[in-house]
Amino acid sequence: MAIEEDLKVLESKLNTLKLDYERYFLGTRPREPILLRREIQKTITEFTNSTIQNTAMRFKFSSLCSRYQSFKRRWDETQRQIEEGTYTRHRFKAALHARGPESGEEEHSSAPAGDELYASYVEARRSCGQEVKSLSPDRLEAMLAKQRRALTKKFGKGEFEFRVVVEEGRAKLKASRVKQRATG
């Protein structure tokens, strides 16, 4: 009975760690959740060095270990991309900063590049556990066009820029009006 409770606690901690890493990679958590990761690693090592007699509990532990290893590989790969400067979300933000607030280029509302917005949106949906199979760049562009029409109807003519945000554990597209430079 104690092993079953320990495995439930381990599973709960693993889910918390997964969410913490997602927040960290999305930029809403300032530091990598290293302490919880070490705690989970220590617990897994303890269970690995002990014998679990119950087949169902042994299977559950094995499944949790596999999940943890899979997450670890993904987290380490993302961390490596961040360190190398090739992480898609960071490149997206860098491109926004490089463009600057006074860029007068006429780009369509899904700025800076539809592919980057699509990649960020897919990544955010995946990290929140939302379905991504039916999502395609064309479908996203159709969604954005529909939102642009609704925003134009509500707020009048103007350009709108979209960004990916995570609210209440769900990935969403947020629009903001692009300010026009005064000429004169």
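Nothing in this text is a laboratory measurement; each read-out follows from the coordinates by a stated rule. All figures in this text were calculated on a predicted structure; none of them were measured in a lab. All Cβ positions, glycine included, derive from the backbone under ideal geometry; neighbour counts span all protein chains shown.
Side notes on the structure shown:
- Taking 0.36 nm per residue of separation and subtracting the current Cα-Cα distance, fully stretching the chain between T55 and Q69 would add 3.0 nm.
- Built amide H within the under 5 Å cut-off of V178, gap 5+: E159, F160, E161
- Under the simplified labelling scheme, the R149-R80 pair shows an inter-label distance of 4.5 nm, with each label point 7 Å from Cα along Cα→Cβ.
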